[in-house]
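Student: One structure is given below, represented as structure tokens, and several questions about it will come after.
The values are calculated or read from the model by the stated rules, or taken from the named source; none is laboratory data. Keep in mind that what you see is a predicted model, and the values were worked out from it rather than measured. No Cβ is skipped: glycine too gets one built from the backbone with ideal geometry, and neighbour counts run over all protein chains shown. We work out accessible area using only protein heavy atoms, side chains counted, and drop any ligands, DNA or RNA first. Shrake-Rupley method; radii C 1.70, N 1.55, O 1.52, S 1.80 Å.
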Amino acid sequence: MSLDYYFHVETRRSGDWTVPEGFPCSPYRSEPLGEFTWLRGRSPRARLFWGPSAIFPFQPGPPESRARSALFRSLGPDYDFEENERRICWIPYGDLMVDLWDDMQLVLQCNVGSRDAALFGDGRMPFPEDALRARGHGDFEIDGLQEGEIVNAPIDRTQGKRRFEIEVLAPEVRVPVTFVASVRAYLGESRATAFRDLRAHGREDELRVVSMVG
């Protein structure tokens, strides 16, 4: 079973970092801890934030200034930060560059049956959702394909060896294809909006995002 990533926001008030004033409280908590969204641990989208090629890399371990943080107090006085450091990381809000999420284009790779590979063209096109639906693909499969892996280069299926490959393979044999999507589209509307709306709680230099694995 994979562990999931939970994102929390903190703001600096009078020099101390803690949950923004008036932040909604989870029905499962006795006090608000700033949780605003989450991400499946096995999701390829996690590579936006973690790993050697992360685009918006979180810093491993807890931030130093946390004495009055409701989030870190909730872990209890006996929590071993050194032993569990890998389960906590953080990033200054400004380093997320949310203003670029609509325009920054990612090249994403997924695997489809060879009969559908030509729909992805030269690998620099938007995800061909309508064309795939017209061929009978349902919501679950389409959602999974759109959750592609971030890669460095597109795969051109319109010419040469890669075009020949999909012409000779059996239709059900899966092959890699690529498409492009903005960071916002890749994360999903609701999750991207949750990150953007954190600005309601302070200036960029007064906000940080903490991720905990659970």
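Student: Pick from region 148-168 the residues that are under 28 Å from Pro52 (Cα atoms) and assigned to a loop (DSSP other than H, G, I, E, B): which of them is least open to solvent (accessible area, probe 1.4 Å)?
Tutor: Going through the qualifying residues, I end up with Gly148.
Student: Could I ask something else about it? Pairs under 6 Å by beta carbon, first residue over 17 Å from Glu189 (Cα atoms) in region 42-55, partner modelled with pLDDT under 90, six or more apart or different chains?
Tutor: The qualifying pairs are Arg42/Ser2.
Student: Moving on. Checking Arg66 against (1) in a loop (DSSP other than H, G, I, E, B); (2) out of contact with any helix residue (DSSP H, G or I) (no Cβ under 7 Å at 6 or more places or on another chain): exactly one of these is not met. Which one?
Tutor: (2)
Student: How about region 169-214: which of its residues are under 14 Å from the mean Cα position of the chain (by Cα) and open to solvent by 50 Å² or more (accessible area, probe 1.4 Å)?
Tutor: Scanning region 169-214 gives Ala185, Glu189, Ser190, Arg196.
Student: State which residue is surrounded by the fewest Cβ atoms within 10 Å (Cβ to Cβ) when the search covers only region 90-119 and only residues that are of a type in the set (A, V, I, L, M, F, W, C) and more than 24 Å from Arg47 (Cβ to Cβ).
Tutor: This residue is Ala118.
Student: Could you pull out the residue among Leu106, Leu71, Leu3, Leu33 that is touching a strand residue (DSSP E or B) at 6+ places or on another chain (Cβ under 7 Å), assigned to a helix (DSSP H, G or I) and of a type in the set (A, V, I, L, M)?
Tutor: Exactly one residue qualifies, and that residue is Leu71.
Student: Going through region 56-76 one residue at a time, which ones are free of Cβ contacts under 8 Å to residues at least 12 places away in the same chain and aromatic (Phe, Trp, Tyr)?
Tutor: Within region 56-76, Phe72 is the sole residue that qualifies.
Student: Okay, moving on. Which one is least open to solvent (accessible area, probe 1.4 Å) among residues in region 1-41 that are at pLDDT below 90 and of a type in the set (Lys, Arg)?
Tutor: Among those residues, the one meeting the criterion is Arg13.
Student: So if I check each of Ile88, Ile166, which one is touching a Pro at 6+ places or on another chain (Cβ under 6 Å), over 17 Å from Tyr186 (Cα atoms) and in contact (Cβ under 8 Å) with a residue 12 or more places away in the chain?
Tutor: Checking each option against the conditions leaves just Ile88.
Student: Using the structure shown, decide if Gly34 is within 18 Å of Tyr5 (Cβ to Cβ), of a type outside the set (Ser, Thr, Tyr) and in contact with a Lys or Arg (Cβ under 9 Å, 6 or more places away or on another chain).
Tutor: no
Student: Residue by residue through region 120-147, note down the ones that are of a type in the set (A, V, I, L, M) and either without any contact (Cβ under 8 Å) to a residue 24 or more places away in the chain or open to solvent by less than 30 Å² (accessible area, probe 1.4 Å) (or both).
Tutor: Ala131, Leu132, Ala134, Ile142, Leu145
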